[in-house]
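K.L.:
Structure incoming, see below.
The values are calculated or read from the model by the stated rules, or taken from the named source; none is laboratory data. Small disclaimer: the values here were computed from a predicted structure and weren't measured. Methodologically, a virtual Cβ is constructed for each residue, glycine included, from the backbone with ideal geometry; neighbour enumeration extends over all protein chains shown.
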Amino acid sequence: MVFYGFEDKGSVSIAIFASGLNLLLIRMKVEIINIGDELLIGQVVNTNAAWMAEQLNLSGFAVHQFTVISDTREHILKALREAENNAEIILISGGIGPTRDDVTKTTLCEFFNTRLTFNNEAYQDIKTLFARRGFPVTELNRQQAELPEGCLTLPNKLGTARGMWFEKKRPGEGKTIFISMPGVPFEMKEMMTNEIIPRLLMCFSAPFIYHKTILTQGIGESFLAKKIEFWENNLPEDIKLAYLPQPGMVRLRLSGTGKEERLVRNRVSSAIGELEKIIPEYIFGYDEETLEEIIGKLLLEKGNSMATAESCTGGYIAHLITSIPGSSGYFKGAIVAYSNEVKENLLGVPSGTLQKFGAVSEETVLEMAISAQTQFNADYVIATSGIAGPDGGSIDKPVGTAWIAIATPNEVFAKKYSFGDNRSRNIRKTALQAMALLRKKLIGQ
């Protein structure tokens, strides 16, 4: 194997190839610095940091801090000085474009005590890129080929701003790696994927990291934590658990680390197997699966169809179901019966039922499910009626009250829930709970 060693050039180091040296097996600390006034004023959402952190983590590098700063010399210098005391690898995105407000290159020269020099290889790449697009190279674009002397430049296959790799000796032993790259997301991602991460892995043999997410529904975070407390306390030291709650569900992320991929995966799988025995009724999927995807697969496997009759969810369940490609193969349709008039005229809910029990009641939601099942000739139906809020509640039926009915080929049943006082969360929770009930029926629970 070959990897990067470094030859000193003043305070800057130039990357050279070497062989026969031992790699470090260590989880290096990383800081990400994102430069741009547009990020600080909220004009642009900083998606770069999240994407970079995810890719680095999957490669075995631990991101310890995000820093977002303005396009100013003083701010960049301050951030660089602070970062080198906290991390071994510092990734900088943004501020290396061709316009006057992009001062990162000149500031990096100041920080590393070097100067800009014309890089002919970079210039030829710029000329080729512009020729392919049918544009002439302007003076501003030509200046993109001026790069700090002494750094390793990284090709940019999708733009004009090259990446820049610097190294600086740390007090005592070791070094800090600084890497500057474009802030344009698609340029940054290409450079990270094909240049930066591979080079970092050549410098450092990072541990294998494996994440597996267990999706749970129907139990709150604190109750779930209590239920799996013994299991959590007895996890191996190299497996960490994170609770990731969101409206209507709790994700449990297990993260395992180690030298050998097979052993790490096996340990995580074994821990999940133990968890499945403790809370089988709450686990509905893994990783990026969704309830709507799972329901779709089950319906297709069984050759069954479904429909919805929705009041408080306003068609949201139908939207989720039909967001899955191929859902036309099992989804018949939906009736959004928001008013009592529609419940009575389209779904055939008797006026006496509505007057006696109200729209938000077991009796009404059962009638909605039965009628929709007949009208759509569907095997399964979800029906909902509730008080999403923020108004409309009463002492008997406060905001957050929801009735969910499920009609199957063999039965019709309804359950009552109380979700809280936030309208959007109530709609989301009702939809997830309804789909979770349907899933359980589809798998025979």
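K.L.:
Do we have ILE324 as surrounded by 20 or more Cβ atoms within 10 Å (Cβ to Cβ) and in contact with a helix residue (DSSP H, G or I) (Cβ under 6 Å, 6 or more places away or on another chain) here?
P.N.:
no
K.L.:
With respect to GLU190, determine if the residue is of a type in the set (Asp, Glu) and either modelled with pLDDT under 95 or not assigned by TED's automatic domain parsing to the domain that holds ILE278 (or both).
P.N.:
Here the answer is yes, as GLU190 does meet what is asked.
K.L.:
A further question on this structure: Using the structure shown, decide if ILE295 is outside the structural domain of LEU432 (by TED's automatic domain parsing), aliphatic (A, V, I, L, M) and surrounded by 14 or more Cβ atoms within 10 Å (Cβ to Cβ).
P.N.:
no
Conditions tested, residue by residue: (1) in the same structural domain as ASP37 (by TED's automatic domain parsing); (2) in contact with an Asp or Glu (Cβ under 7 Å, 6 or more places away or on another chain); (3) of a type in the set (Lys, Arg).
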residue	(1), (2), (3)
ASN86	yes, yes, no
GLU139	yes, no, no
THR160	yes, no, no
ARG170	yes, no, yes
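K.L.:
Evaluate the following for VAL68: is it in the same structural domain as ASN194 (by TED's automatic domain parsing), surrounded by 15 or more Cβ atoms within 10 Å (Cβ to Cβ), at pLDDT 75 or above and of a type outside the set (Gly, Ala, Ser)?
P.N.:
yes
K.L.:
Pick out, from segment 337-419, the helices (runs of 4 or more DSSP H) lying fully within it that include 1 or more residues that are surrounded by 23 or more Cβ atoms within 10 Å (Cβ to Cβ) and not aliphatic (A, V, I, L, M).
P.N.:
Those helices (runs of 4 or more DSSP H) span 340-345, 362-376.
K.L.:
Name the single residue, out of those in segment 131-179 being of a type in the set (Phe, Trp, Tyr) and modelled with pLDDT of 90 or more, that is farthest from ASN120 (Cα to Cα).
P.N.:
PHE178
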